[in-house]
Amino acid sequence: MDVLAIVKKNRFFLKERFGVNKIGVFGSMVRGDAREESDVDLLVEFASTKRSFDNFMELSFFLEELFGKKVDLITTSGLDRYVRPYVESEVVWCEK
């Protein structure tokens, strides 16, 4: 599954509907060691007007339906300081 291509295809909808400023893929999908049962790890940055728990959950549910897989969605502001260097070193941001 080409997660990045799917995200790119939907990036304008993600921005309009959920206020996504940036979204990137990391983890097994980027490293190339994903298995059929692997989840999709995504790092997201919301516009300041869209930072809410409800919006976060709606985006998470939307992405799980889009991919047909469990999604681990993490915000850039909620990224643990111990994990941050590892995630930032492998995240592939969805660019235009």
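Here Thr76 passes the criteria (1) within 11 Å of Phe18 (Cβ to Cβ); (2) modelled with pLDDT under 95 except the one numbered (1).
Is there a residue in region 33-41 that is at pLDDT 95 or above and over 12 Å from the mean Cα position of the chain (by Cα)? No - not one qualifying residue is present in region 33-41. Counting residues in region 61-80 that are outside any strand (DSSP E or B), among the small types (Gly, Ala, Ser) and crowded, with 17+ Cβ neighbours inside 10 Å gives zero.
Screening region 34-52 for residues that are in contact with a helix residue (DSSP H, G or I) (Cβ under 6 Å, 6 or more places away or on another chain) and in a loop (DSSP other than H, G, I, E, B) and picking the one that is surrounded by the fewest Cβ atoms within 10 Å (Cβ to Cβ) gives Ser38.
The values are calculated or read from the model by the stated rules, or taken from the named source; none is laboratory data. The structure displayed is predicted, hence computed values, not measured ones. Don't worry about glycine lacking a Cβ; one is built from the backbone with ideal geometry, like all the others, and counts go over all protein chains shown.
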